[in-house]
Amino acid sequence: MKSMSVTLFKTHALRVLDRISRTREPLIITKRGKPFAQVIPYQQPSTLPTPGRLADCLIFEKDIVTPLGEDMWEAGR
C-alpha cells in the first residue's frame, strides 16, 4: 500500500483520487510521518438489504416471566 504526506496530497488531490479510482489501490495519508487517514476506492454494496429478512429468526413469546418463574424476577427482596 502506498503512502503520501498530507501536504503532497493537498497539492495533487484530484490527480491522486483519479489514480485511486482507476487502480483501485488504497492510499495512506501521513502527517509528520505517521498514518493520518486512509483513502480507499468506493465500492457499491454487493447485495441490497432485504426488509424482513430476519423475521423468521425471531420468536415472540406472550409471557416472558412464567418460563423462569416469578420469584426469579424479584431479585431485590
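Some observations on this one:
- Our Cα-only numbers for the stretch 1-41 put the radius of gyration and Dmax at 9.4, 28 Å.
- The ranking of 36, 9, 60 by Cβ neighbour count inside 10 Å, starting from the fewest, reads 60, 36, 9.
- Set of lysines near residue 31 by C-alpha distance (under 21 Å), chain-local residues within fewer than 8 positions excluded: 2, 10
- As a rough footprinting exposure proxy, the listed residues 19, 24 were ranked by other beta carbons within 10 Å of their own, and the order from fewest upward is 24, 19.
Every number in this text was worked out from the coordinates using simple rules, so none of it is lab data. Because the structure is predicted, anything quoted here is derived from the model rather than measured. Counting neighbours? That spans all protein chains shown, and the Cβs are built from the backbone with ideal geometry, glycine included.
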